[in-house]
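**Student:** Handing you a structure now.
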Amino acid sequence: MLKHFPKLVLSVSALSLVAIGQISRADAASVTFSGTGTNPVSGGSTNALGASVLFDDLINPGKLTITLKNTGPGASVPSDVLTAFFWDYNGTPLTSLSLFSAIAPKVTSNNGNTITSNVDLKAINEWKLPNTGNGTSDLPGITQNYGIGTAGLGIFQGGGGQQMNYGIISGYDSANPAVKSGNFVKDSATFVLSGLPSGFDLGKIGNVRFQYGTNLSEPSVAATTVNYSGYTPPKPPPSTGGGGPKKIPEPTTTLALGLVAISALKLRKSNCVAQA
C-alpha cells in the first residue's frame, strides 16, 4: 500500500494545479498595469520615470476603485510630476462614469517639509474626468477613450488649464523652484468611479498610458506589464453545532474530490489484483 501512496498524492497535487490554472482574467478581482520610461529634461540624479495603476471592482461593489501610483524617483522639474493617466475598455462603452470620490493619503508641500493626511481631492476640485466624450471616441490629442487627470491638458473638466498642483510625486530630487513651492500628492491617490454597466469586466481594460507634466507633448509612459489577481472568498463562519451553517463545496472542489476518490479506488483495486 505504501508503495502506491505517493502516486495518490501526486494525483491530488496535479488536480490542484489544474484548478488554479483555470482562473481566467475575467474572474480577477483586480488588475495592475505598470510602466517605466525616461524624462530627458529631468535635472535630478536620474531621468527615470515609473508609474502603476490598479483597477479593482470588489473593494467597492458596483464601483471601480483605481489606485494610481508614481513609482519613479523624486521629482526635479514639473515634467517629472504624474498628472494624468488614460485607458481603453474593450466592451460596452462606459458612458455613465462619474467621479464618486478621490482621496490622497498624503499631500506634500514646501519641498517635503509639510505633510497633510487624507486630502479629499474631489472636494478641492482636483483630479477630474474628461470634459468631452463618453467612452465612444478618442479623447482630444490621444488614442484612449477614458482618463483621469489634474492638469487640464485640454481634456479634463474645468477647462484646459495646465497647472501641475496635486499631481503625484514620490519625493523630491534637486527640485527646481516650481516643484519646491508646489502642492503634490505623495506616492499615490485612490479614485472611485460609479456608473459601471452590468457585465463590467476588468479583463477588458487595456491601452493604459501615464502622462507627466502639463502638456501632452511632455513625457508619457505606456504600460508594458499587466498582472491579474484572483479573489479569495472569506472563510465561512464556524459551525454552531446543531443548526449552524454548513459549508457547501464549490463545483470545482466537488469535481476534484470525486476524481481523487476514483483514483483511490483504482489504486486499491490494482493492489488487490497484485496481491491475488
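**Student:** Apply the Debye scattering formula to region 44-117, with a single equal point scatterer on each alpha-carbon and no solvent, then give log10 I(q)/I(0) at q = 0.15, 0.18 Å⁻¹.
**Tutor:** Taken in order of the listed q values, log10 I(q)/I(0) reads -0.72, -0.95.
**Student:** Hey, got the dipole for region 77-214? About the Cα centre, +1 on K and R Cβ, -1 on D and E Cβ, debye to the nearest 20?
**Tutor:** Details: 7 positive and 8 negative charges, 32 e Å.
The dipole of region 77-214 has a size of about 160 debye.
**Student:** Would you be so kind as to identify which of T116, P140, A102 lies farthest towards the positive end of the dipole of region 95-191, taking Lys and Arg as +1 and Asp and Glu as -1 on Cβ and the Cα centre as origin?
**Tutor:** The Cα lying farthest towards the positive end belongs to T116.
**Student:** Quick one: Karplus J couplings for region 198-213, per residue in order, coefficients 6.51, -1.76, 1.60, θ = phi - 60°, nearest Hz, x for Gly and Pro?
**Tutor:** Taking θ as phi minus 60°, the curve returns 5, x, 4, 10, 4, x, 9, 7, x, 6, 7, 9, 9, 10, 10, x Hz for region 198-213.
**Student:** Leaving out ligands, DNA and RNA, and with a 1.4 Å probe, what % of the accessible surface on region 105-188 is carbon or sulfur?
**Tutor:** C and S atoms contribute 44 percent here.
**Student:** Now, a different point. Give, as a single signed number, the net charge of other residues whose beta carbon lies under 13 Å from the beta carbon of Q211, with Lys and Arg counted +1 and Asp and Glu -1. Please report the intermediate quantities before stating the final value.
**Tutor:** Details: positive: R209; negative: D80, E218.
Residues close to Q211 contribute a combined charge of -1.
**Student:** What residues have an amide H closer than 5 Å to that of G182, excluding those fewer than 5 places away on the same chain, when H is modeled at 1.01 Å from N in the peptide plane?
**Tutor:** Excluding prolines and chain starts, which carry no amide H, the hits are N110, N111.
**Student:** Still on this model: Taking 0.36 nm per residue of separation and subtracting the Cα-Cα distance, what length does fully extending A29 through F100 add?
**Tutor:** Gain in length upon complete extension: 23.6 nm.
**Student:** Tabulate in residue order the Karplus-calculated ³J(HN,Hα) for region 77-84, using 6.51 cos²θ - 1.76 cosθ + 1.60 with θ = phi - 60°, rounded to whole Hz; enter x for Gly and Pro.
**Tutor:** The phi angles translate into 10, x, 7, 8, 8, 6, 10, 6 Hz.
**Student:** Past 19 Å, Cα to Cα: identify those pairs from K128/K180; K106/K180; K122/K204; K63/K186; K69/K106, in the order given.
**Tutor:** Among K128/K180; K106/K180; K122/K204; K63/K186; K69/K106, the Cα-Cα distance tops 19 Å for K128/K180; K122/K204; K63/K186.
The values are calculated or read from the model by the stated rules, or taken from the named source; none is laboratory data. As the structure is a computational prediction, the values presented were derived from the model and not from experiment. Cβ coordinates were reconstructed from backbone atoms using ideal geometry, including for glycine residues, and neighbour counts include every protein chain displayed. All accessible areas refer to the heavy atoms of the entire protein, side chains included, with ligands and DNA or RNA removed. Shrake-Rupley method; radii C 1.70, N 1.55, O 1.52, S 1.80 Å.
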